[in-house]
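> The structure follows.
The values are calculated or read from the model by the stated rules, or taken from the named source; none is laboratory data. None of these values were measured; they are calculated from a predicted model. Cβ placement follows ideal geometry from the backbone for every residue including glycine, while neighbour counts extend to all protein chains displayed. When the accessible area is computed, the model is the full protein with side chains, heavy atoms only, and any ligands, DNA or RNA have been set aside. Shrake-Rupley method; radii C 1.70, N 1.55, O 1.52, S 1.80 Å.
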Amino acid sequence: MSNNKYKILVVEDDRNILSMIQTVLDTNGYQVLTAQRCQQGILMLTSHVPDLVVLDLGLPDMDGEEFIRITRRNSMIPIIVLSARTEEHDKVSALDLGANDYITKPFGTAELLARVRASLRINRINLQASIPTSVFTLGDLEINYDRRQVAVGSKTVHVTQTEFNILSFLSRHCGKVMTYSAIISSIWGTMDDGSVKKLQVNMANIRKKLGCKPGEARYIINELGVGYRMLDQQE
Ligand code: CA
């Protein structure tokens, strides 16, 4: 395993879960740092400079959301939120605060490892992207930001300005779940009662134009009740 250059900080107060995660990550070649309190985790961010954080939301000294808020003031480190909270608004609020991904307990080790790999990969791509590329590709989908053109294979896809803006926004954040409110505020500026519906209608048109069949997880994943995620290039 060649993961050992990656340091992962796990902030979790449940000893059983903490030790399970620690074992899984350690077995897979990651360096693991652990904290059972929010404050301790925040201190370890500066003292140990990890590459990724796996964060429980329900912590004894402070809410995990507070951890995200504080961390995001000066760091873009990937944060995977881990929580027993299955309610959609908790996922939405953690993602809106800047968490990169969300895993609901109970979860399998394969899922945890896949999410960790994905978050580390996306971060690496973002760090390398010092020269902004004007073309995004995902399989046979191509989005040219400068020309504002979309193509699937050799065929040009005719999209409206709004549809292009949505595709552009999702692709610039590929691999990351973007909540309804994040997309809406980026596209229309403000959110009102009809915004989510308007977004869903646009998204249905986009999917149709890209040749996606109903329910097909191609290019864009519909995270029910939360938002949308464009796949990253290696998924
Ligand atoms: Ca907990």
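> Which of (1) acidic (Asp, Glu); (2) open to solvent by 50 Å² or more (accessible area, probe 1.4 Å); (3) within 15 Å of the chain's Cα centre (by Cα) does GLU66 not meet, given it meets every other one?
It fails just one condition, (3).
> What's the number of the only condition in (1) farther than 21 Å from LEU224 by Cα; (2) in contact with a Gly (Cβ under 7 Å, 6 or more places away or on another chain) that VAL81 fails to meet?
VAL81 satisfies every listed condition except (1).
> A follow-up question, please. Might you let me know whether the stretch 95-108 holds any residue that is in contact with a Leu (Cβ under 6 Å, 6 or more places away or on another chain) and modelled with pLDDT of 90 or more?
yes
> Exactly one of (1) in contact (Cβ under 8 Å) with a residue 40 or more places away in the chain; (2) within 16 Å of the ligand (Cβ to nearest atom) is unmet by LEU18. Its number?
Failed condition: (1).
> Another one. Among VAL10, VAL24, which is the only one that is within 13 Å of the ligand (Cβ to nearest atom) and either part of a strand (DSSP E or B) or surrounded by 16 or more Cβ atoms within 10 Å (Cβ to Cβ) (or both)?
VAL10
> Only one of ASP90, ASP101, ASP56 is over 25 Å from ILE183 (Cα atoms) and under 17 Å from the mean Cα position of the chain (by Cα); which?
ASP56
> Criterion first (touching a residue at least 24 places away in the same chain (Cβ under 8 Å), touching a Phe, Trp or Tyr at 6+ places or on another chain (Cβ under 9 Å) and surrounded by fewer than 16 Cβ atoms within 10 Å (Cβ to Cβ)) does GLY58 satisfy it?
Considered against the rule, which asks whether it is touching a residue at least 24 places away in the same chain (Cβ under 8 Å), touching a Phe, Trp or Tyr at 6+ places or on another chain (Cβ under 9 Å) and surrounded by fewer than 16 Cβ atoms within 10 Å (Cβ to Cβ), GLY58 comes out as no.
Here's the yes/no breakdown for (1) free of Cβ contacts under 8 Å to residues at least 12 places away in the same chain; (2) more than 30 Å from ASP26 (Cβ to Cβ); (3) acidic (Asp, Glu):
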residue	(1), (2), (3)
ALA99	no, no, no
ALA118	no, no, no
VAL150	no, yes, no
THR190	yes, yes, no
